[in-house]
Amino acid sequence: MAGSLNTPNSPRPRRGTGAVLLEFLGSMNLAITLLVAISVAAIIGTVLQQAQPYPDYVRKFGPFWFEVFERLGLYDVYGAAWFLVLLGLLLVSTAVCVYRNAPTMLRDMRQFRLDVQEKSLRGFHQRAEWDAAGETAQVAGRAGAALAAQGYRVRVKDHGDRIVVAGMRGSWNRLGYLLTHVAIVVICVGGLIDGNLPLKVAERLGRLQVETRDIPASQVPPESTLPADSAAFRGSVRIPEGGQADFVFLNVRDGFLLQKLPFRVELIDFRIDHYPSGQPKSFESDLVIHDPELDEPLKRTIAVNHPLIHKGYAIYQASFSDGGSRLKLRAHALDAPDIAPLELEGAVYQNLKVVTPRGPLTMELIDFKAYNVFPADTEDGREKFTNYGPSVVFKLRNEAGEAIEYLNYMAPVSLDGRLYFMSGMRATPGEPYRYLYIPLDSQASLDRFLALRASVLDEARVRRTVAAQADGLMPAGSDGAARANLIDSIVHLVGLFGRGGMGAVMDQVEQAVPEAERQQAVESYIMVLQSVIGSLYVDQLREEGVLGEQGVGEADAKFFEDALEAFAALGSYGSPLLVQMTDFQHVEASGLQITRAPGKDIVYLGCVMLMAGVFFMFYLHHRRVWLSVAAVGQGARVLFAGTGNRDRAEFASEFEGLQRVLSKATGAAGNMTQQEAK
Amino acid sequence: MSATTEIVQEKLAKAAWWKRLSGVDWAWGALVIAGALYTYARYGALMDSFEVIILVGTVPVVLALGWMWKAMRPYTVVVTLLSLASIGLYGADLARGDSNFFLKYLLSSQSAIMWMSALFVMATAAYWLSLFMRSEFTGRVATALTWCASAMGFIGMMVRWRESYLISPDVGHIPVSNLYEVFILFAVITGLMYLYYEGRYRSRAMGAFALTVISASVAFLLWYTFERQAHEIQPLVPALQSYWMKIHVPTNFVGYGGFALAAMLGIAYLIVDRLKPGSAWAARLPTLGQLDDVMYKAIALGFAFFTVATVLGAMWAAEAWGGYWSWDPKETWALIVWLNYAAWLHMRLTKGWRGRPMAWWAIIGLFVTSFAFLGVNMFLSGLHSYGTL
């Protein structure tokens, strides 16, 4: 980062290894190489998502590349040793550059070089000569005054045979260089103080061990725990309402460390405010800090953008989640819809055991949300927000360990004026939910749907209904065996559809029917199903007493269509249970980020230097000019030369202007020469 | 040696800048100060200390802008008067935007922004036309159109600011909070930066190139308006409810504007570089020296402001995200952009690189900048996901 300095042809002495090394470290080429290398490394860190759970990486890259990338530290690029070495090199390179150039720069700022020789002035790009009237001292005095009037700092030296007037302007440009480059060093040092280098060293030395098990804070062993007096850290902790914590977790690669705090943080309340449109307006936590050094606990409310700073520890509102809401759930057995539903109670993050006809299941309660506000695109394309109300997320895990995740909404969802129970399911995390819509009856309950399902699964009842319909279906003259056969196969079809949904029916068709006839077979199967289940439904309506003179009403007909669709989809729903949330007691948790960054002020100091330096560098031009006034006969001969460290064209025009002013001030007697060397 | 006499001519050095100011300059100063005083007298009671500092800080900035760049004075006056007129027409009723003729067709924020879009596109066409026809008159029209477009854009933003408060006081915010709003900001700032260099170098030949990038952003803006209804004013998410936004975002866009301008001049440089010296086209287009010079100045200006913006961003992050640096994708890409132009400037200033490689580099720089500006929001996830498409 030298180069721009006006150090003309200083002789090069022989140098030792140290000097060569210094030259290499301070060289422009190294600096540029480092800038590029750091940029490339930084890009890798943004393209490859950092600090994800390791199994995700294995899935993405396969075991071999996972291993390679892990060795290279690509899951935590900015904490990897090689990246820190790059940053360290940039720090050293900049420091060496400053060390080598600062003395020259400072000298340049202060020294006017009054001993400059006429010979060297004649070597400048910008120079002019003219004859002036008057004595040398007078001429020099007038020139100096004129130069000063142009904003130049001026020094004069009498060499006896000639007088040198030296002017300088914008010398803070050099200061700009110093400030920017020292700033980089200062910022890096501040960042280093706040960085995780001490942790890395302690880990290397075996004094620290990253905890990778999923265990509560109370069970974290001492070798994974950091004492309360750590100088710098950045960790997070989740506190449920009414709970307290005197620690934070520091995420390290695929595990964590426990950082103790010298005080306890208690969460009294967490609140979300919404705009009328439904978007969140604010997240706030009411905190109490219990610190033995305080006379009484400190009560404060924090919000996003409004952290609490306590003794150099900053406490931020970072996130929120469920804090273990108490839930009441009702589980209907889909295989035996007529038995009384199971009433369950539990809290989020708890596991419940449920015995079902398909074997024992573990119900893992994962999350609860009191509000679900989603944008709903209305017809004119404007975004509106709709609140879908409370929801619960849970997994049903079988004995083999396979789990399906469900997202069930408590309140009925209204679509085209009809009400549905909505449940989303997915077999693998990360994929979008597929939704099951079950139509609700006029009481907004599942009763009618479950009763119909019970009928469909009741083989004896189905057989009776089919038998009653069979006469109409049989061609004339069929014998009894054909009739029994037909009834059997229809009963089988209804059973298949009831237990396995449309998927099971399609499987059957694919097995038994040649490809060319499948389409037709499916259509006739659907007609049969509609007819049989329709007649079961009509029976049910009659029992309910809602079958009027005109037959099935429009709403009831729609219900039937929806119910059939729900049956068709149930086969791939994967759960023997239909879980309804009946009540909840919401407990929220606030995610706090707690940091200590003693290097922050140093970094800010560096930032201020950097900003000031950049502006000095670009908007102050260091210009220096000399007039050498020598006596010639009666008058004086003026040699004027100058140099600017930026923008040759601009300096050339300024020089021209100066020359005009100066020659006028010195009373030029003609014989003017102006030069601009090529 | 006693023969050495050093004279410091401090007194004479004070033939100072303020002596060189004209009557109009003084009038300008009086106007700006009077405006600030009036604002303070009328609204001072409602301002918090931060807003007072902003108001006080605005005075020297507007003053200096008007003194250094005379054309800024009528521009500022027009923008102020029309913005106030629009706000006055609105009164306290947002619905007047549809019923009042002037608001509906000229001065409501959406109309003003549409005018800006149309005027920028017309200006671009006029600059190209003047280049092909060698018409001085068309060039003057192009300059006038660009000034009008920049004024309408600025007015649109001022009025939009007010409109957001008319929706509801707690929805109100400065219009730099999403991609739609910052694209207007980008067009206005880049337009003004170009106009500055046009005035400074007395050359319209760069206009066709500079305005092309502005038209591109206008095209995006229009698509975003009509396809996505992005012009609807949305309330702020909690993370953006901070006074840092008011300074971080506009500062950043001075940076982006400078880099975009430099890239367009880079393209112009490469074209001129291919032409035969002395050919008819070479005479119409700016000289290589001028392009090289303005390219450097635009990058220097952009870099200086981008540095400030990144520092402001870090300070905001320290308040909102719990750390001044998190290696978040947006932060990291800001660093990459910064390193890129730092390297560019080092090459030019200390290695003396000029010409073609620097032009290419400036063009590549725009791609890097665009990715930091748009790509990060579109392709990478992180904390800074406010400007998603």
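The values are calculated or read from the model by the stated rules, or taken from the named source; none is laboratory data. Only a predicted model underlies this, so the values are computations on that prediction, with no experimental measurement involved. Because the Cβ atoms are built from the backbone with ideal geometry, glycine has one as well, and the counts that use them run over all protein chains shown. Quick note on the areas: whole protein, heavy atoms, side chains included, nothing else; ligands and nucleic acids left out. Shrake-Rupley method; radii C 1.70, N 1.55, O 1.52, S 1.80 Å.
Taking the solvent-accessible surface of protein heavy atoms with a 1.4 Å probe, what is the per residue accessible area of the range A:56-161 in Å²?
It amounts to 50 Å² per residue over the range A:56-161.
Classify the range B:25-182 as rounded, prolate or oblate, taking a ≥ b ≥ c as the square roots of the eigenvalues of its Cα gyration tensor: rounded when a/c is under 1.5, otherwise prolate if a/b is larger than b/c and oblate if not. Oblate. Checking an interface number: how much accessible area is buried between A and B, summed over both chains, with a 1.4 Å probe, in Å² rounded to 100? Roughly 5300 Å². The range B:35-55 and the range A:595-642 have Cα centres lying 36 Å from one another. Solvent exposure of the range B:125-179 amounts to 41 Å² per residue of accessible area, where only protein heavy atoms count and the probe is 1.4 Å. Full extension of the chain between residue A:434 and residue A:210 gives 76.8 nm of extra length, using 0.36 nm per residue less the Cα-Cα distance.
Calculated FRET efficiency, residue A:274 and residue B:42, Cβ-Cβ r, R0 30 Å, to nearest 0.05?
Values: r = 34 Å, r/R0 = 1.13.
The pair residue A:274/residue B:42 has a calculated efficiency of 0.35.
Extent of the range A:292-429 along its three principal axes (Cα atoms, max minus min coordinate, largest first): 63, 49, 27 Å.
Measure off 7 Å from each Cα along the Cα-to-Cβ vector at residue A:461 and residue A:61, then give the distance between these two points in nanometres to one decimal. Between residue A:461 and residue A:61, the simple spin-label model gives 5.8 nm.
In a shell of Cβ-Cβ distance under 11 Å around residue A:368, excluding residue A:368 itself, what net charge do Lys and Arg (+1) and Asp and Glu (-1) give?
Numbers: positive: A:326, A:369; negative: A:322, A:367, A:588.
Residues close to residue A:368 contribute a combined charge of -1.
Which shape class applies to the range A:183-244: rounded if a/c is under 1.5, otherwise prolate when a/b exceeds b/c and oblate if not, where a ≥ b ≥ c are the square roots of the Cα gyration tensor eigenvalues? Judged from the Cα gyration tensor, the range A:183-244 comes out oblate (a/c at least 1.5, b/c at or above a/b). For residue A:311, the lysines whose Cα falls under 24 Å of its own Cα, not counting residues fewer than eight places away in the same chain, are A:260, A:299, A:600. Burial annotation for the range A:140-185: residues with an accessible-area loss of at least 30 Å² between the isolated chain and the complete set of protein chains, computed on heavy atoms with a 1.4 Å probe, are A:145, A:148, A:149, A:154, A:155, A:156, A:157, A:158.
Between the range B:328-389 and the range A:536-571, how many Å separate their Cα centres? Measuring centre to centre over Cα atoms gives 64 Å. Between the Cα long axis of helix A:515-544 and the first principal axis of chain A there is an angle of about 70°, rounded to the nearest 10. Pairs of Cα atoms nearer than 8 Å and 6+ residues apart set the relative contact order; for chain A it is 23 percent. Using every pair of distinct Cα positions in the range A:76-168, the Kirkwood expression returns a hydrodynamic radius of 17.1 angstrom.
Computed over chain B, relative contact order equals 13 percent, with contacts defined as Cα pairs under 8 Å that lie 6+ residues apart. The amide H of residue A:352, built 1.01 Å from its N in the peptide plane, has A:363, A:364, A:365 as neighbours under 5 Å, considering only residues 5 or more places off or on other chains.
Quick check on chain B: helices-only [θ] at 222 nm, where DSSP H runs of length 4 and up contribute -39,500 (n - 2.57) each and the sum goes over total residues. Nearest 500, please. Let's see the in-between values first.
Details: 14 runs with 275 residues, N = 389.
After summing the helix terms and dividing by residue count, I get -24500 deg cm²/dmol.
FRET efficiency for the pair residue A:201 and residue A:37, taken as 1/(1 + (r/R0)^6) with r the Cβ-Cβ distance and R0 = 25 Å, rounds to 0.60.
Helix A:54-71 and the longest principal axis of the Cα set of chain A meet at an angle near 40°. Computed over the alpha-carbon atoms, the protein assembly as shown gives an Rg to Rh ratio of 1.08, Rh here being the Kirkwood radius from the mean inverse distance. Annotation: peptides A:69-80, B:56-67, ranked by per-residue average of other Cβ atoms within 10 Å with the highest first, follow the order A:69-80, B:56-67. Please compute P(r) over all alpha-carbon pairs of the range A:276-344, binned at 10 Å starting from zero, and give each bin as a whole-number percent. Reading the bins upward from 0: 15, 27, 20, 15, 14, 8, 1. Counting only alpha carbon atoms, the long axis of helix A:600-619 and the longest principal axis of chain A meet at about 50°. The equivalent ellipsoid of the range A:152-208 has semi-axes of 54, 12, 5 Å, largest first, where each one is the square root of 5 times an eigenvalue of the Cα gyration tensor.
Residue B:203: net charge of surrounding residues, Cβ under 15 Å, Lys/Arg +1, Asp/Glu -1, itself excluded?
Details: positive: B:134, B:140, B:200, B:202, B:204, B:284, B:297; negative: B:136, B:198, B:292, B:293.
Once positives and negatives cancel, what remains is +3.
Multiplying the sequence separation of residue A:28 and residue A:104 by 0.36 nm and subtracting their Cα-Cα distance, what value in nm do you get? Could the numbers behind the result be given before it?
Numbers: separation 76, 0.36 × 76 = 27.36 nm, distance 1.69 nm.
Length difference between fully extended and current span is 25.7 nm.
Accessible area per residue of the range B:251-325 at 1.4 Å probe, in Å²? Please list the in-between numbers first.
Details: 2150 Å² over 75 residues.
The answer is 29 Å² per residue.
Of all aspartates and glutamates in the structure, those lying under 17 Å Cα to Cα from residue B:70, and not within fewer than 8 positions of it along the same chain, are B:25, B:198.
Assuming 0.36 nm per residue, please report the length gained on full extension of the stretch residue A:300 to residue A:526 beyond their Cα-Cα distance. List each step's numbers first, then the result.
Numbers: separation 226, 0.36 × 226 = 81.36 nm, distance 6.47 nm.
That pair, residue A:300 and residue A:526, stretches by 74.9 nm at full extension.
What is chain B by shape, rounded, prolate or oblate, if you read a ≥ b ≥ c off the alpha carbon gyration tensor as root eigenvalues and call it rounded for a/c under 1.5, prolate for a/b larger than b/c, and oblate otherwise? The shape class here is rounded.
Apply 1/(1 + (r/R0)^6) to the Cβ-Cβ distance of residue A:231 and residue A:399, taking R0 = 45 Å, and write down the FRET efficiency to the nearest 0.05. Write out the running numbers ahead of the final one.
On the way: r = 50 Å, r/R0 = 1.11.
Approximately 0.35, to the nearest 0.05.
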